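J.: Mind looking over this structure? Questions follow.
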Amino acid sequence: MYKPEYYSAFSCSAGSCADSCCRAGWLIPLDPETFDFYRTLDSGISENTFTDPDGDRVFKLRADSSCPYLNDDGLCTLYIKTGGRLCEICSKYPRFFEEYDGFTETGLSVSCPTAAALILSQTENPYTDLRRSTPDELLDFLCRARERVMTMLFSEPEPEEALRKLLYYGVELQELIDFGELELLGEARFCSYSEPDIDLDGAKKFILENTEILSKKWRELLKSGGAKASAGRNERRNYLAYLVYRYFLKAVNTEDILTECRFIALMYLLAETLCENYTEAVKLISREIEHDAENVTALIEYLAE
């Protein structure tokens, strides 16, 4: 299993968290083993959950979208009662795991404010260990390409210029994939478009009309037209690197690296134009898009058209 250098530095803020995941409005399913365990306790788990259309037991949310087990101190009463036993999803968050042929990658999601602060504050490239051993020819090609992207990203003075080079690189890589010339990775060049080829206003309209909206704030920011984020070069570079680490290799499933690069670009540009608080923008994008597989799929299909 591979992970970024900052991964082990994460520690949950628990009751001191200013924006707890337990208030995010997510419908969290319990794995059957944990649900059965909770039923053996005086936990009221049957009354505080329901069965969704997929047959999963899911926590019922309060009117304010918080978990029914979140107490006034910002702590989980189930965690306290059981001495630390949480359901599978709650115990892993904000960690994510991506399984590929021959290896697994893990990281932290920027939907968590503590994780976001850690990720955005990096001063050097935390993704230096990107060499992977895999029998999959396309996956090996993408791993090597991603390594080159990270080197470029952390050597380019401006993250916006790195983004332009990433998009052009995606065009070059896609041509190699389409023609089956995966051994010619060195032929792909980092060049610049004059501007990123993303219709940001059109994408915001699409998100409003075709994706599931979790929070009122997200809807209002998309409708308002946004505002220039107040963020330093380092924060923006770190967010772009996070997106590359998390999404670049997913092209192995579709053979469409260009669309993955466009998706990365869209997420980056949304963060720059959503609101003045950059960390808040990054967190909202992650909660509303990254944590909803159907929303991600809808945007990928939109960008591929």
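J.: Express in nm, to one decimal, how much length is gained between THR151 and ALA9 on full extension, taking 0.36 nm for each residue of separation and deducting their alpha carbon distance.
T.: 48.8 nm
J.: Over the chain, what is the relative contact order in percent, taking alpha-carbon pairs closer than 8 angstrom and at least six residues apart?
T.: 18 percent.
J.: If every alpha-carbon in the range 118-304 counts as one equal scatterer, what log10 I(q)/I(0) does Debye give at q = 0.11, 0.12, 0.13 1/Å?
T.: -0.47, -0.56, -0.66
J.: Scan the range 237-299 for GluC sites (Glu not before Pro) in coil per DSSP, keeping those whose Cβ has at most 13 other Cβ atoms within 10 Å, and list them by number.
T.: Details: sites: GLU255, GLU260, GLU272, GLU276, GLU280, GLU288, GLU290, GLU294; in loops: GLU255, GLU276.
Here the sparse-neighbourhood loop sites are GLU255, GLU276.
J.: Measure nothing but the geometry: give the 0 to 90° angle between the long axis through the Cα atoms of 257-273 and the longest principal axis through the Cα atoms of the chain, rounded to 10°.
T.: It works out to around 60 degrees.
J.: Between exposed trypsin sites (Lys or Arg not before Pro) in the chain, where DSSP calls loop and at most 16 other Cβ atoms lie within 10 Å, what's the longest gap?
T.: Numbers: sites that count: LYS60, ARG62, ARG85, ARG131, ARG189, LYS228.
That gives 229-305 as the longest site-free run.
J.: Which three lengths, in whole Å and largest first, does the range 20-110 cover when its Cα atoms are put on their principal axes?
T.: 43, 29, 27
J.: Per 0.36 nm of contour for each residue apart, how much would the distance between THR123 and GLU175 grow if the chain were fully extended, relative to their Cα-Cα spacing? Write down the numbers at each step before the final one.
T.: Working: separation 52, 0.36 × 52 = 18.72 nm, distance 3.40 nm.
Net length gain for the segment: 15.3 nm.
J.: I would also like to ask the following. What is the fewest-to-most order of LEU163, LEU70, LEU284 by other Cβ atoms lying within 10 Å of their Cβ?
T.: LEU70, LEU284, LEU163
J.: Cross-chain or 8 or more residues apart, Cα under 15 Å: how many lysine pairs in the range 122-225 fit that? Count them up, please.
T.: Step by step, the pairs that qualify in the range 122-225 add up to 4.
J.: Sort out for me the Cα centre separation of the range 250-288 from the range 176-231, rounded to whole Å.
T.: 6
J.: In Å and on Cα atoms, what radius of gyration and Dmax does the range 30-174 show?
T.: Radius of gyration, then largest Cα-Cα span, for the range 30-174: 21.3, 60 Å.
Readers should treat all values here as calculations from the given coordinates under stated rules, not as data from a laboratory. The structure presented is a predicted model; accordingly, all values stated were derived computationally and were not measured. Heads up, the Cβs are rebuilt from the backbone with ideal geometry, glycines too, and the neighbour counts pull from every protein chain shown.
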